[in-house]
Amino acid sequence: MFKLEARHANLWYGEKQALKDISIGIEPNTVTAFIGPSGCGKSTLLRCFNRMNDLIENTKIKGEFLMDDTDIYDMDVYELRKRVGMVFQKPNPFPKSIFDNVAYGLRIIGEKNRNAIKDKVELSLKNAALWDEVNGILNKPALSLSGGQQQRLCIARTLAIEPTVVLMDEPASSLDPISTSKIEDLIYKLKQKFTIVIVTHNMQQAARVSNKTAFFYLGELIEFDNTEKMFTDPQNQRTQNYVTGRFG
Amino acid sequence: MKSYSYTRAKLTDKVFKYIALSFTVFALGVLVVLLIDIFSKGIARINWDFFRNLPSRHAEKSGIMTALAGMLSLLFFTVIIALPIGILAGIYLQEYGKKNRLAKFIEINISNLAGVPSVIYGILGLTLFVRILKLGNSLIAGALTLSLLILPIIIVATREAIRAVPDSLREASYGVGATKWQTTSKVVFPFALGGILTGIILAVSRAIGETAPLLVIGALVYVPFIPEGPKDQFTTLPIQIFNWTSRPQAAFIVNAAAGIIVLLLITFLLNGLAIYTRNKWYKKIRY
């Protein structure tokens, strides 16, 4: 059984077709990497799974998207987004305190108990490997943190509402190598509890963190297999060219 | 050839700099002369009694109490009326309304309304509030008229401030399952509040200086009492100043100068407050 599944997904931004008949299944408690050159549709597909594309005007979507074998369009969209969390390319903490950033989602879902919020904030920050760096300065503005810390804060904010899936859209692309390796360690750890789908431009990153890799090109899913196989013995010539750095 | 054109370019550069400088000096010079004139005439007239006295036939006994009280009550009602409407309209147009042709049409028209001469609003107010709604030349009629005048400014300022909120913050909020209202009220509005406040203060300082529309709706020139409710008649500081400047006696001109100083100080304070608010806010939300 798949955690997330797309069946014959097609998507248009206005006249431009961004996804072409994509079918893919994501297994639970794995890390799946979406790779491919810019504009290949990998971020677009990612954003289909929590219906973020709904926010963009003139978007037309066809096909089926399933979570735990339920059509996500039969679910309440807000409920869906609580279960399918998302981390964005650029760290986007709110201009609030560190604490309030993590507590935001909890307050959104109506959690009133102060101690419960406090405990969950601490747990989420620990899960996001940020607790040791911010313990004691939780009331400081989130924007005073470094870029890498801000991104882990955003991950903590996502984890706080206890999703089962975490979508990551190039989460380390704006970070330095040390922050990047911290995020990668984190992804490796989070795999125990969550199903993770990560979009990345960084081939080594895909190879390091993921169990399965999907290669996209011009809106089509070219190849999808175990990461090791994708990088050592790809079946498609274009995949081979891309993973060996010959184009893209 | 090359060095020639380079020398020439440097010369043009210098000439332009001095032309720009001379125009700046000219503009500031006129302002300074006006200010010196006003202050030298009026500053000695400003004392406690000037604020406390009612208007009078005798220039020396005249004061701005009713005008000041009228102006402040007028602003109070204007803000109460225009603020919620303007902010909600701005939020709706930017955050909720569909971005279609009708929206574009409305947007252009609102911007145009901000540029309509204020006397036109006076005529509208006279017809609608004074005559049709039978409010008479009351404080509330004046406040409604001024509200119409500053509504476009508040709407445009609100929209601009909301437009400046990065989409990444909206996505962050939707990403944890927030509804549109939760996102707007907890993320978008607080982020935009600094810009909105600045716009509101600027709108109010515009309203303060308005005379024409109030004269049209029949604000009185001579009011010997402080308005006690929205249905009372009223006068405002600019009208009082207008009245004094049209008197032949020199002593009233002095009163007018003193009134102008008070009005200038209030406007100056409000603008300063607007700048302070904006800077303070932007420091807080800077990335």
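Tabulated data for the structure shown
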{"item": "Calculated over chain A: convex hull of Cα atoms, volume per residue (Å³)", "result": "125 Å³"}
{"item": "Accessible area of region B:4-45 belonging to carbon and sulfur atoms, whole % at 1.4 Å probe", "result": "78 percent"}
{"item": "Protein accessible area in region A:129-194, 1.4 Å probe - carbon and sulfur %", "result": "51 percent"}
{"item": "Two-site label geometry, B:TYR282 and A:LYS90: point separation in nm, points 7 Å out along Cα→Cβ", "result": "1.7 nm"}
{"item": "Trypsin sites (Lys or Arg not before Pro) restricted to DSSP loop in region A:86-189 with at most 14 other C-beta within 10 Å", "result": "A:LYS112"}
{"item": "Principal axes of region B:4-45: Cα extent on each, largest first, Å", "result": "61, 9, 6"}
{"item": "Karplus 3J(HN,Hα) series, Hz, for region A:91-96 with 6.51 cos²θ - 1.76 cosθ + 1.60 (x for Gly, Pro)", "result": "x, 10, x, 6, x, 10"}
{"item": "Neighbouring partner chain Cβ atoms per residue of A:103-109, average, 10 Å criterion", "result": "4"}
{"item": "Phi-based couplings in Hz for region A:203-210 (Karplus 6.51, -1.76, 1.60; Gly and Pro marked x)", "result": "4, 4, 4, 4, 5, 6, 9, 9"}
{"item": "Unsatisfied cross-links (Cα-Cα over 21 Å) in the set A:LYS120/B:LYS180; A:LYS118/B:LYS186; A:LYS20/B:LYS180; A:LYS182/B:LYS283; A:LYS90/A:LYS182", "result": "A:LYS120/B:LYS180; A:LYS20/B:LYS180; A:LYS182/B:LYS283"}
{"item": "Solvent exposure of region B:171-287 as accessible area per residue, Å², 1.4 Å probe", "result": "45 Å²"}
{"item": "Residue-normalised accessible area of region A:124-199, given per residue in Å² at a 1.4 Å probe", "result": "38 Å²"}
{"item": "Probe 1.4 Å, protein heavy atoms only - accessible area per residue of region B:4-45 in square angstrom", "result": "89 Å²"}
{"item": "Cα centre as origin, Lys/Arg/Asp/Glu Cβ charges: region B:50-285 dipole, Debye", "result": "360 debye"}
{"item": "Cut-off under 5 Å, modelled amide H: who pairs with A:ILE198 long-range", "result": "A:THR32, A:ALA33, A:PHE34, A:MET168"}
{"item": "For A:LEU19, residues with placed amide H under 5 Å, excluding near neighbours", "result": "A:LEU11"}
{"item": "Per-residue SASA entry for B:LEU214, accessible area with 1.4 Å probe, Å² rounded to 10", "result": "0 Å²"}
{"item": "In region A:41-136, GluC sites (Glu not before Pro) in a DSSP loop with at most 14 other beta-carbon atoms within 10 Å", "result": "A:GLU57"}
{"item": "Among beta bridges that DSSP assigns inside region A:88-247, antiparallel share in %, nearest 5", "result": "60 percent"}
{"item": "DSSP H segments from chain B that extend 27 Å or more along their own axis, Cα-based, with Kyte-Doolittle mean of -1.0 or above", "result": "B:2-42, B:65-91, B:139-163, B:189-209, B:250-285"}
{"item": "Dipole of region B:4-45 [Lys/Arg +1, Asp/Glu -1 at C-beta], most positive-end residue of B:ALA44, B:VAL32, B:ALA9", "result": "B:ALA9"}
{"item": "Debye-sum result for the protein assembly as shown in log10 I(q)/I(0), which assumes one identical scatterer on each alpha carbon, at q = 0.06, 0.08, 0.12 Å⁻¹", "result": "-0.48, -0.73, -1.07"}
{"item": "Ranking by accessible area, most exposed first, for A:ASP169, B:ASP49, A:ASP69 with a 1.4 Å probe", "result": "A:ASP69, B:ASP49, A:ASP169"}
{"item": "Mean separation of Cα contacts under 8 Å (6+ apart) over length of chain B, as relative contact order %", "result": "26 percent"}
{"item": "For A:LYS193, residues with placed amide H under 5 Å, excluding near neighbours", "result": "none"}
{"item": "Chymotrypsin sites (Phe, Trp or Tyr not before Pro), loop per DSSP, at most 16 other Cβ atoms within 10 Å - longest free stretch of chain A", "result": "A:3-246"}
{"item": "Axial C-alpha extent at least 18 Å, average Kyte-Doolittle at least -0.5 - helices from chain A (DSSP)", "result": "A:147-160, A:177-190"}
{"item": "Accessible area buried between chains B and A, both sides summed, probe 1.4 Å, in Å² to nearest 100", "result": "1900 Å²"}
{"item": "Protein-protein interface of region B:167-182, residues with accessible area decrease of at least 50 Å², isolated chain reference, 1.4 Å probe", "result": "B:GLU171, B:ALA172, B:TYR174, B:GLY175, B:VAL176, B:GLY177"}
{"item": "Neighbouring partner chain Cβ atoms per residue of A:88-96, average, 10 Å criterion", "result": "5"}
{"item": "Convex hull projection area averaged over all views, region A:62-136, Cα basis, nm²", "result": "7.1 nm²"}
{"item": "DSSP loop trypsin sites (Lys or Arg not before Pro) with at most 16 other Cβ within 10 Å: longest gap in chain B", "result": "B:135-230"}
{"item": "Distance (nanometres) between label positions extended 7 Å along Cα→Cβ at A:LYS62 and B:PHE268", "result": "6.9 nm"}
{"item": "Computed label-point distance, nm, for sites B:TYR96 and B:LYS10 using a 7 Å Cα→Cβ extension", "result": "6.3 nm"}
{"item": "Along principal axes, Cα extents of chain B, largest first, whole Å", "result": "67, 65, 34"}
{"item": "Computed [θ] at 222 nm, deg cm²/dmol, the protein assembly as shown (DSSP H ≥ 4; -39,500 (n - 2.57); rounded to nearest 500)", "result": "-17500 deg cm²/dmol"}
{"item": "Spin-label proximity, B:TRP48 to region B:68-109 - amide N less than 20 Å from point 7 Å beyond Cα toward beta carbon", "result": "B:68-69"}
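The values are calculated or read from the model by the stated rules, or taken from the named source; none is laboratory data. Predicted model only: the values in this text are computed from it and were never measured. Don't worry about glycine lacking a Cβ; one is built from the backbone with ideal geometry, like all the others, and counts go over all protein chains shown. What goes into the accessible areas is simple: the full protein's heavy atoms, side chains included, and nothing from ligands, DNA or RNA. Shrake-Rupley method; radii C 1.70, N 1.55, O 1.52, S 1.80 Å.
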